[in-house]
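First up is the structure itself, then whatever we jot down about it.
Taken together, the values in this text are just the output of simple stated rules run on the coordinates, not laboratory data. As the structure is a computational prediction, the values presented were derived from the model and not from experiment. All Cβ positions, even for glycine, are placed from backbone atoms using ideal geometry, and neighbour counts span all protein chains on display.
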Amino acid sequence: MCGIVGYIGNKNAQDFLIGGLKRLEYRGYDSAGIVTEDDSGQPTLLKAKGKIANLEAKVAKAKREDHAGIGHTRWATHGEPSETNAHPHQAGSIYLVHNGIIENYKELKSKLSTEHNFVSETDTEVLAALINSFYQDGKYPLSNAVVQALKLVRGTYGIAVISTLNSSELVAARAGSPLVIGVGETETFLASDASALIGHTKKAIYLNDGEVATITANQINIKTLDSQPVSARVETIQTDLSAIQKGGYDHFLIKEIMEQPDSLAETLRGRIDLENSLIRLGGPNLSQQELKNIKNIIIVGCGTAFHAGMLASYYIERFADDVTIQPVIASEFRYREAHIPENSVALIVSQSGETADTLACLREIKSQGVKTIGIVNAIGSTIAREVDGGTYVHVGPEVSVASTKAFTSQAIAMIMFGITIAEAKGAKKSLLAPYIEEIAQLPAEIHQLLQTVPGQIRPLAERYAKYDHAIYLGRDTAYPIAMEGALKLKEISYIDANAYPTGELKHGPLALVDDRFFELVLLPDDHLLDKSISGVQEVLARGGKIFAITNGEIDLPADSTLKIDTKLKLLTPVLFNVVCQLFAYYVTIAKGFDVDQPRNLAKSVTVE
Ligand code: F6R
């Protein structure tokens, strides 16, 4: 969601800015813009609605040899997507790009309207005007003007600012919206996401909330808003270029689905001791006694991360028997007056590590003295840095907006955390060993599934692509998979897909069944298979078009059935999820939509 890039050095700034914005495209956006300035401060401002390619075409016609500039991909919050509302925004000699939301912008705007002629509907232009009012045409250093302005602002921001009066510096600041500075030899980069820096430098400084950086080609000076100096913490970016490229696939989504045997293997690496049937997680930072004392687990996440938490909760309660588990949706939980009991621990689940609602819950839960454990993918992200301990899932960059490989690893990482609690509480090895063994086998099982299922599911997906509505059904551990499967289908194919527990059919959803719908039913071969089949019979009796996915021997007059071949008994729902991911992908291909960047959505939701 919104992307920021900045450059100052001795190379062509336009080249880095456009390349960097392309790397951030996956986050979702509706317009983009850059401003660069030459050594005398002469600015070139270019903006375009829609894809970066539109901006790139404008840059090709207005090529400059400028060495400093900032750029932005916008995801509209205040005002429609348009060139006027696209960033950078200008006020006097100031140009500004901004991620986040300035909550008191109306109040500030009315105070500034005598000195600045507002052209856009954005909160960002208000911030530009505010900085300009303190800058007073270069009378004060730019960083001072930025600090003065930010002290009056309520809301969240990651910003980059340049002035045409001084082309040798740019200023960046953050509160709730990430920024990372890339340290080069005689050049310095800025981005809202380290992926824009890959291939340019491996040295990164992640700004913290409340910090302001003054950046030149050779120097980075960081202070807090209270003018306290901050010593720079240079970290190494581990990701390489191949991880953020399509690697021969048509889309990032299918690449990321196919990567799951390897990405899950990375999650498991060094964490399973099969010989002794033990899970070893170093990151949570909890002593055996602390693990033993846990009585309640809250799992916080949004969307797919929440579904992963739901799935894990079904498993954890099977073996950690004196523990209660509540998976909660972050945007709801943050405003509830929930009572968190003693001896609780909170799992904070986020692929990006930047989701605003999840971060707000983390801060609230932490302030109540509850231990927080991150289940995060993005290394060095805000959530990863603020939790008390954590387990990185290590799936590598997830570029496609729809989350796939992160789900699998998040769910398994949480199940492993549940096993470590059960181990500390003295659960019988015979209870835990089958789960540990299946977790260890899972990458190979997913690999095997990916050899055959894509070819089988594609024609089925083509058949169901014509429907406008879908019902996903599952019970027990298959219910969170039904929810996740329905989310995947709706977000990329725009089919109105909703999930229900199979046992809930008679309580309402059965009324929906007609020829506008198909019903995708998950039928794992478990202790509830017969009950689930009864539910399906009710749908069939009302003329439903059943698409059944199973690993059991079932005899149903379904519209179609896909049988998965697996040795797994406990973790089959994770395989069913991979099938649902493939199904959503091929339906979307059949409909001809943009799989990697679905309309209206952003990858990392850094505003509320
Ligand atoms: C769905 C999807 C979203 C994210 C959600 C949380 O495919 O990607 O539902 O799962 O926005 O994002 P993270 O995990 O980055 O906190």
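For the range 499-510, 3J(HN,Hα) computed residue by residue from phi via the Karplus equation (6.51, -1.76, 1.60; θ = phi - 60°) reads 10, 9, x, 3, x, 8, 3, 5, 8, x, x, 4 Hz, glycine and proline entered as x. Rounded if a/c is under 1.5, else prolate if a/b beats b/c, else oblate: with a ≥ b ≥ c from the C-alpha gyration tensor eigenvalues square-rooted, which is the range 436-552? Oblate shape, in that a/c is at least 1.5 and b/c is the bigger or equal ratio. For the range 57-171, relative contact order (Cα pairs under 8 Å, six or more residues apart, normalised by length) works out to 31 percent. Here the dipole of the chain is about 280 debye; that uses its Cα centre as origin and unit charges on the Cβ of Lys and Arg (positive) and Asp and Glu (negative). Counting only Cα atoms, the range 175-259 measures 49, 29, 15 Å along its principal axes, largest extent leading. Summary value for the chain: 12 percent relative contact order, contacts being C-alpha pairs under 8 angstrom separated by 6+ residues.
Where does each of 530-539, 468-477 land if you order them by average Cβ count within 10 Å, highest first?
468-477, 530-539
In terms of packing, defined here as the mean over residues of other Cβ atoms within 10 angstrom, the peptides 210-223, 150-163, 285-298 line up highest first as 150-163, 210-223, 285-298.
Residue 40 to residue 269: FRET efficiency via 1/(1 + (r/R0)^6), r the Cβ-Cβ distance, R0 51 Å, to the nearest 0.05? Here the calculated transfer efficiency is 0.45. Between the amide H of residue 347 and those of 298, 299, 300, 373, distances stay under 5 Å, these residues lying 5 or more places away or on another chain, with hydrogens modeled in the peptide plane. Here the label points at residue 340 and residue 107, each 7 Å from Cα along the C-beta direction, are separated by 2.9 nm in the simple model.
For the range 556-563, the Karplus equation 6.51 cos²θ - 1.76 cosθ + 1.60, evaluated at θ = phi - 60°, returns couplings of 10, x, 6, 5, 7, 9, 10, 9 Hz by residue, with Gly and Pro reported as x. Short to long, the 5 Å bins of the Cα pair-distance histogram for the range 277-415 hold 2, 11, 22, 26, 22, 12, 4, 1, 0 percent of all pairs. Would you mind checking 466/591; 255/603; 47/106; 47/203; 405/488 for any pair whose Cα atoms are more than 18 angstrom apart? Exceeds cut-off: 47/106; 47/203. Count charges around residue 42 for me, please; just the other residues with Cβ under 15 Å from its Cβ, Lys/Arg as +1, Asp/Glu as -1. Result for the neighbourhood of residue 42: -3. Applying 1/(1 + (r/R0)^6) with r as the Cβ-Cβ distance of residue 118 and residue 10 and R0 = 41 angstrom yields a FRET efficiency of 0.70. Dimensions of the range 1-104 from C-alpha coordinates, computed as largest minus smallest value along each principal axis and given longest first, are 35, 29, 20 Å.
Take the Cβ-Cβ distance between residue 326 and residue 154 as r, set R0 to 22 Å, and report the resulting FRET efficiency rounded to the nearest 0.05. Efficiency, from the Cβ-Cβ distance: 0.10. For residue 165, no residue has an amide H sitting under 5 Å from its own, ignoring neighbours fewer than 5 places away on the same chain, with H placed 1.01 Å from N.
For residue 278, nonlocal amide neighbours, meaning residues 5 or more places apart or on other chains whose placed amide H falls under 5 Å from its own, are 273.
Maximal additional length on extending the residue 563-residue 221 stretch stands at 117.1 nm, based on 0.36 nm per residue less the C-alpha distance. Spin-label model, residue 608 to residue 262: label points 7 Å out along the Cα-to-beta-carbon direction sit 4.1 nm apart. Approximating the spin labels as points 7 Å out from Cα along Cα→Cβ, the residue 231-to-residue 61 distance works out to 5.2 nm. The calculated pair-distance distribution of the chain uses every alpha carbon pair, bins of 20 angstrom beginning at 0, and gives 20, 49, 27, 4, 0 percent.
Extension gain for the segment residue 468 to residue 368, taken as residue separation times 0.36 nm less the Cα-Cα distance, is 31.5 nm to one decimal. At q = 0.20 Å⁻¹ the log10 of I(q)/I(0) for the range 115-264 amounts to -1.20, computed by Debye summation with a single uniform scatterer per C-alpha, solvent ignored.
Specify the inter-centroid distance of the range 521-560 and the range 297-311, based on alpha-carbon positions, in whole Å. Between the Cα centre of the range 521-560 and that of the range 297-311, the gap is 27 Å. For the peptides 268-275, 197-204, the ranking by mean Cβ contacts within 10 Å, running from highest to lowest, is 197-204, 268-275.
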